Amino acid sequence: MSEDPTPGWRFLKAVVEGDPIEIDGVNLWKRRRLWVERGETIVVAHPLYPRQRRELPVREVEGPEGPIVFAAGELTGLVWGYFVPDPTLAAGFDLAGLVGDSGTLLFSPDPQRTASFYARLGFVETYRAFEDAMLARVDLELDGRALAIVLATAAPAGVAEPSTAGRGGVSLRADDVNAAFAALVSAGVPGLRAPAKREGPWGRRLVAWVEDPDGRAIELVQRT
């Protein structure tokens, strides 16, 4: 299977068959006999081997505040993967000619969320690593440029702490900054500064700023 993962779904956890897995305080495995098939499937990237794909059925089970929707299935051997809907991971942003700039390392308290955000910008996942069953690093690439999202607590001592994980920034070039900024803001991405012309030693540019899920500034740049 080589098709792209279904947008709008987030990896939750991989556990050995029968081990506890909770959503909203409900142990899904204990209620397995109450799972209801919704008659649909999603395609997901294998958590350890992102170039591999799995097709998982979408299910639901009654929770304390209504149905809990999730997708679950066997990934490898007796290891099950669980995925949940996440509206912030919808289809990719409709941007105009966005390309990468330089290789960047970002620290985040939630690498899955942050990597999924940048995937919507056009970055493609190439690698992921786990430490103590937690996602510790996701590598992505856009136009030959590398971007690594690293769990803040996994950073070397003194480099980053969770409280400062959102600092720093990313610069991306766009063919049409006005269109890119409008598309991101309309999709719910916080806009920090609307497109404006800038002059400097680098020449004339059109620049706008938006914000990623960790509060990190993203500069959108267009040469004019």
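The values are calculated or read from the model by the stated rules, or taken from the named source; none is laboratory data. What you see is a predicted model; the values in this text were computed from it and never measured. Positions of Cβ are backbone-derived with ideal geometry, glycine not excepted, and every protein chain shown enters the neighbour counts.
Observations, loosely collected:
- Residues (touching a helix residue (DSSP H, G or I) at 6+ places or on another chain (Cβ under 8 Å), of a type outside the set (Gly, Ala, Ser) and closer than 14 Å to LEU48 by Cβ) located in segment 129-142: GLU131, LEU135, ARG137, VAL138
- Enumeration of residues in segment 187-197 that are within 20 Å of GLY215 (Cβ to Cβ) and not basic (Lys, Arg): ALA187, GLY188, VAL189, PRO190, GLY191, LEU192, ALA194
- Among the residues listed as PRO50, PRO20, PRO7, PRO85, the single one being touching a residue at least 60 places away in the same chain (Cβ under 8 Å) and touching a helix residue (DSSP H, G or I) at 6+ places or on another chain (Cβ under 7 Å): PRO7
- Residue-level check: of (1) at pLDDT 90 or above; (2) crowded, with 16+ Cβ neighbours inside 10 Å, PHE11 misses just (1).
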